[in-house]
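*Asks:* Supplied in structure tokens, the structure appears directly below.
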Amino acid sequence: MSRSFQAIVVGAGPAGSSAALTMARAGLDVALVERGSFPGEKNMFGGVLHRLPSLEKIFPDFWERAPLERHIVKKGVTFMTGDSSFNTTIEAGSFDRPPFNGYTIFRPRFDRWLAEEAVKAGATLITRASVDEVLQSDGQVTGVTILDRKGALKAPVVVAADGVLSFTALKAGLRRPSFDPGQMAVGVKALIDLESDLIDERFGLVREQGFANEFVGCTAGVRGGGFLYTNYDSLSVGLVFHLASLKGSGKTPYDLLNAFLEQPQVAKMVRGGRLQEYSAHLIPEGGYDMIPELYGAGILVAGDAAALCNATGLNLEGINLASQSGVLAGEAAIAAHKARDFSRKGLSIYKSLLDESYVMKDLKSYRRAPQMLHNNRIYNEYPELVCSLMEQLYRIEGTPKENLSKLFLKAARDKVGLKNLAADGFSAWRAL
Amino acid sequence: MNIDEIFDFTSFNIDREPHIVLDAGVCVECDSRGCTNSCPARCYTWNEEERKMTFVHDGCLECGTCYVVCQRKAFTRWRYPRGGFGVAYRMT
Ligand SMILES: Cc1cc2nc3c(=O)[nH]c(=O)nc-3n(C[C@H](O)[C@H](O)[C@H](O)COP(=O)(O)OP(=O)(O)OC[C@H]3O[C@@H](n4cnc5c(N)ncnc54)[C@H](O)[C@@H]3O)c2cc1C
Ligand code: SF4
Ligand code: SF4
């Protein structure tokens, strides 16, 4: 059976549901197509949902309605080498007052809720439906087919929000046929049960306060990092690896995750917890230079499908950019309906809207950061430098101490090399 | 934590029809076999004695890693499972 809609959204992740919600609220008849048996079933991430200006505008009471775990009041970075680690944390009063800066969430709950909001606004959600072909006539996208189902879904505009590999964008000729492993990362995560009182005590939290910690130097020389986030009564603990580096290392993600969980300082944080779920997913890390064609005749690409992910700062920003780009894709489709123009030119307004938004602005300003993250010294030598320096500073051996700058220079010469230190400082300054 | 256990906690609704089909002949010639160590679900196993690659789709987490890592295009099929099949996360 074939059905016609005014718009089709492929994928009910944050990008797709935000697009469907925007269009449904404007009165368009929109289909939201998801391959999972419910939205969110297929989706994992590290765990922190950052501020969502796009959705806060649509629902002023967003933060009261969304299914959230803990709000992040404390953020930390740990430099690790072997069995030593050096931590820095910031806990700011403003992080503990609304509007909160970030929350831990579970994707199977959050994504499902957001898709249901799109349904309440009038969107038709079709689950267990894996989009297969992209229908085109005279170069204009006209609909999609669903794997193992007869007939087609037709619409003058399709939003490809099907995540990082976006086969929809590929089939519409908008993304390159293969990816560069140097522009991708893979994350693995263990979800570990832990009583909420124990979490409060262990991490110095009260009420529904949360802690988000990032780690460097914990990936045995593979370029990457680690994270530990507190949910209400569980911890999300995982590692992220640059794919080219992981591939060449011969090491496996699960062995490295196991070693991370057994590292003495991490082991204390997860002690008493029980493993609940193991998950993995790719992250488009290439930043601005990885962005495919964002639109074509009858099609728009949003979220991870368009590589709109900022994985280069200390925060991994994905959901917020996905949701914002979904809203803008929705607005572009609404404009195209008003003008009755679904040509490439008619949909080009999407690019202008994105360029004006923080999504593109941020990706542009961090354009050089991905290259910087390909510097192996960040993952080995620098964590070693920090740890050995702190160890020496605190160690008391009954001999006179050298002064701090001498100690630093000595450690830096041993671990990094002074020339490298200057070069890295310069490239970090340029990138940021 | 025991590594072998880690894989037992994730739920699946396994499709008999594989969503990824590998032309294992290509793997014999491959010089990197990056899929064997990069796949987070241990789906690829290379047997050096028999010079043979085995791929099992059962525990696939649909993460996409092998699709990117394999630069020889050894797949005769690489798609996501049919709707409703495959990995089913509960709370991640
Ligand atoms: C390890 C890891 C840690 C991360 N940490 C964070 C973090 O802390 N904070 C943050 O903001 N972001 C984080 N991200 C990034 C974030 O998860 C993504 O940027 C975000 O999910 C992108 O949303 P999306 O809607 O574009 O794509 P997705 O969330 O991937 O959604 C795509 C949807 O499309 C569906 N789909 C795919 N193909 C088809 C098809 N053919 N037919 C029908 N449906 C289909 C999928 O099932 C899925 O529901 C992390 C990512 C990873 C992997
Ligand atoms: S990388 Fe590709 S060709 Fe090489 S062994 Fe793996 S699947 Fe086969
Ligand atoms: S998609 Fe991921 S889990 Fe599945 S086989 Fe490929 S690498 Fe392994």
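The values are calculated or read from the model by the stated rules, or taken from the named source; none is laboratory data. Only a predicted model underlies this, so the values are computations on that prediction, with no experimental measurement involved. All Cβ positions, glycine included, derive from the backbone under ideal geometry; neighbour counts span all protein chains shown.
*Asks:* Restricting to the stretch A:131-173, count the residues that are within 14 Å of chain B (Cβ to nearest Cβ), more than 28 Å from the chain's Cα centre (by Cα) and within 15 Å of ligand 1 (Cβ to nearest atom).
*Replies:* 4
*Asks:* Please indicate, with yes or no, whether at least one residue in the stretch A:58-77 is away from chain B (no Cβ under 14 Å), among the basic types (Lys, Arg) and under 30 Å from A:Leu385 (Cβ atoms).
*Replies:* yes
*Asks:* Between A:Gly11, A:Gly40, which is closer than 15 Å to A:Ala160 by Cα and either more than 14 Å from chain B (Cβ to nearest Cβ) or within 16 Å of ligand 1 (Cβ to nearest atom) (or both)? Can you show your working first?
*Replies:* Numbers: A:Gly40 fails: closer than 15 Å to A:Ala160 by Cα.
Result of the check over A:Gly11, A:Gly40: A:Gly11.
*Asks:* Further, regarding this structure: Go through the stretch A:1-56 residue by residue and tally those that are under 21 Å from B:Glu62 (Cα atoms) and either in contact (Cβ under 8 Å) with a residue 40 or more places away in the chain or of a type in the set (A, V, I, L, M, F, W, C) (or both).
*Replies:* Taking the stretch A:1-56 as the starting set, the residues that turn out to be under 21 Å from B:Glu62 (Cα atoms) are A:9-17, A:32-47.
Applying the additional criterion that residues be either in contact (Cβ under 8 Å) with a residue 40 or more places away in the chain or of a type in the set (A, V, I, L, M, F, W, C) (or both) yields A:9-17, A:32-41, A:43-47.
Residues that pass the stated criteria total 24.
*Asks:* Is at least one residue of the stretch A:387-409 under 31 Å from the mean Cα position of the chain (by Cα) and either among the charged types (D, E, K, R) or at pLDDT below 75 (or both)?
*Replies:* Step one: filter the stretch A:387-409 for residues under 31 Å from the mean Cα position of the chain (by Cα), giving A:387.
Now narrow it down to the ones that are either among the charged types (D, E, K, R) or at pLDDT below 75 (or both): none.
For the stretch A:387-409, residues under 31 Å from the mean Cα position of the chain (by Cα) and either among the charged types (D, E, K, R) or at pLDDT below 75 (or both): absent.
*Asks:* For the structure I just gave you, tell me whether A:Leu239 is in contact with a helix residue (DSSP H, G or I) (Cβ under 7 Å, 6 or more places away or on another chain), within 12 Å of chain B (Cβ to nearest Cβ) and under 15 Å from A:Phe45 (Cβ atoms).
*Replies:* Taking the combined requirement at face value, the residue satisfies it.
*Asks:* Considering only residues of the stretch A:152-173 that are among the aliphatic types (A, V, I, L, M) and touching a Leu at 6+ places or on another chain (Cβ under 8 Å), which is surrounded by the fewest Cβ atoms within 10 Å (Cβ to Cβ)?
*Replies:* Keep residues of the stretch A:152-173 that are among the aliphatic types (A, V, I, L, M), which gives A:152-153, A:155, A:157-161, A:164-165, A:169-170, A:172.
Next, from what is left, pick out any that are touching a Leu at 6+ places or on another chain (Cβ under 8 Å): A:152, A:157-160, A:164-165.
Numbers: A:Ala152: 19, A:Val157: 29, A:Val158: 31, A:Val159: 35, A:Ala160: 37, A:Val164: 22, A:Leu165: 23.
Across the stretch A:152-173, the extreme among qualifying residues is A:Ala152.
*Asks:* Separate question: Hey, among A:Pro108, A:Pro53, A:Pro60, which residue is over 18 Å from the mean Cα position of the chain (by Cα) and not small (Gly, Ala, Ser)? Break it down into steps so the answer makes sense when it comes.
*Replies:* Numbers: A:Pro108 fails: over 18 Å from the mean Cα position of the chain (by Cα); A:Pro53 fails: over 18 Å from the mean Cα position of the chain (by Cα).
After applying the criteria, what remains is A:Pro60.
*Asks:* Inside the stretch B:42-75, can you point out the residues that are within 12 Å of ligand 3 (Cβ to nearest atom), at the interface with chain A (Cβ under 9 Å from one of its Cβ atoms) and closer than 20 Å to A:Gly248 by Cβ?
*Replies:* The answer is B:Arg42, B:Cys63, B:Gly64, B:Thr65, B:Tyr67, B:Val68, B:Val69.
*Asks:* Of the numbered conditions (1) surrounded by 14 or more Cβ atoms within 10 Å (Cβ to Cβ); (2) more than 12 Å from ligand 3 (Cβ to nearest atom), B:Leu22 fails exactly one; give the number of that condition.
*Replies:* (2) is the only condition that B:Leu22 fails.
*Asks:* Would you check which residues across the stretch B:19-72 are aliphatic (A, V, I, L, M), under 9 Å from the mean Cα position of the chain (by Cα) and within 16 Å of ligand 1 (Cβ to nearest atom) and list them?
*Replies:* Taking the stretch B:19-72 and keeping what is aliphatic (A, V, I, L, M), we get B:20-22, B:24, B:26, B:28, B:41, B:53, B:56, B:61, B:68-69.
Narrowing the set further to residues that are under 9 Å from the mean Cα position of the chain (by Cα) leaves B:20, B:41, B:56, B:61.
Scanning the stretch B:19-72 gives B:Ile20, B:Ala41, B:Leu61.
*Asks:* Under 7 Å between Cβ atoms, which residue pairs at least 6 apart in sequence (or on different chains) link something in the stretch A:405-420 that is in the same structural domain as A:Tyr382 (by TED's automatic domain parsing) and among the small types (Gly, Ala, Ser) with a partner that is surrounded by 12 or more Cβ atoms within 10 Å (Cβ to Cβ) and part of a helix (DSSP H, G or I)?
*Replies:* Correct list of pairs: A:Ala411/A:Leu385; A:Ala411/A:Ser388; A:Ala411/A:Leu389; A:Ala412/A:Leu385; A:Ala412/A:Leu421.
*Asks:* If you don't mind, another one. Regarding A:Arg65, is this residue of a type in the set (Lys, Arg), surrounded by fewer than 18 Cβ atoms within 10 Å (Cβ to Cβ), free of Cβ contacts under 8 Å to residues at least 60 places away in the same chain and closer than 27 Å to A:Gly11 by Cα?
*Replies:* Values: of a type in the set (Lys, Arg): yes; surrounded by fewer than 18 Cβ atoms within 10 Å (Cβ to Cβ): yes; free of Cβ contacts under 8 Å to residues at least 60 places away in the same chain: yes; closer than 27 Å to A:Gly11 by Cα: yes.
Yes.
*Asks:* Right, something else. Counting only residues that are out of contact with any helix residue (DSSP H, G or I) (no Cβ under 7 Å at 6 or more places or on another chain) and assigned to a loop (DSSP other than H, G, I, E, B), which one in the stretch A:143-171 is nearest to ligand 3 (Cβ to nearest atom)?
*Replies:* A:Leu147
*Asks:* Now for a separate question. Looking at (1) β-branched (Val, Ile, Thr); (2) buried (at least 20 other Cβ atoms within 10 Å of the Cβ); (3) more than 25 Å from A:Leu275 (Cα to Cα), which is the one condition that is false for B:Thr10?
*Replies:* Result: B:Thr10 passes all but (3).
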